[in-house]
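The values are calculated or read from the model by the stated rules, or taken from the named source; none is laboratory data. All of these numbers come straight from a predicted model, not from anything done at the bench. All Cβ positions, glycine included, derive from the backbone under ideal geometry; neighbour counts span all protein chains shown. The accessibility values were calculated without ligands, DNA or RNA, using every heavy atom of the protein model including side chains. Shrake-Rupley method; radii C 1.70, N 1.55, O 1.52, S 1.80 Å.
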Amino acid sequence: MTKAQLIAKIAEETGCTQVATGEFLSAFTDTVKESVKNNEQVSLAGFGTFLKIERKERNGINPSTKERLVIAAKSAPKFKPSPNFLN
């Protein structure tokens, strides 16, 4: 499902316009991204939790050259679905 399809589906179910729904969805995703970036968890009951994890530095191999390299530590987003996500 694309973002446009999601907006159309939500607008249909709520009776809101697609423009208003698109603005809401953009505000929602921007808020979640900013919160996770600031080390805050965003938990939605019955849906799941968005959070930030820290990945440690690790060794890797370039598949093209077989050269060993160090992959730097970095932050990454993670989504943990709630136990009843698919129910």
Taking Cα pairs closer than 8 Å and at least 6 residues apart, the relative contact order of the chain in percent is 22 percent
Accessible area per residue, Å², the chain with all protein chains present, probe 1.4 Å | 82 Å²
When the accessible area of the stretch 8-63 is split by element with a 1.4 Å probe, what percent falls to carbon and sulfur?
-> 54 percent
Within a Cβ distance under 13 Å of Asn38, other residues only, what is the Lys/Arg minus Asp/Glu net charge?
-> 0
For q = 0.16, 0.17, 0.20 Å⁻¹, what log10 I(q)/I(0) does the stretch 38-87 give under the Debye formula with an equal point scatterer on each alpha carbon and no solvent?
-> -0.63, -0.65, -0.73
According to the Cα gyration tensor, what semi-axes, each the square root of 5 times an eigenvalue, does the equivalent ellipsoid of the chain have, listed from largest to smallest in whole Å?
-> 35, 17, 14
Step through the residues of the stretch 72-87 one at a time and calculate ³J(HN,Hα) from phi using the Karplus curve (6.51 cos²θ - 1.76 cosθ + 1.60, θ = phi - 60°), rounding each to whole Hz and writing x for Gly and Pro.
-> 5, 5, 7, 8, 8, x, 9, 10, 10, x, 6, x, 9, 4, 9, 8
Phi to ³J(HN,Hα) by Karplus 6.51 cos²θ - 1.76 cosθ + 1.60 over the stretch 11-27, Hz, x for Gly, Pro = 4, 5, 6, 9, x, 7, 6, 5, 5, 5, 5, x, 5, 4, 4, 5, 5
Just in the stretch 28-57: which GluC sites (Glu not before Pro) are loop by DSSP and have at most 11 other Cβ atoms within 10 Å?
-> Glu57
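Provide the gained length on full extension for the span Thr49 to Phe24, in nm with one decimal, where the gain is 0.36 nm per separating residue minus the Cα-Cα distance.
This chain segment gains 7.1 nm when fully extended.
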Burial ranking of peptide ranges 59-67, 22-30 (average Cβ count within 10 Å, highest at the top) = 22-30, 59-67
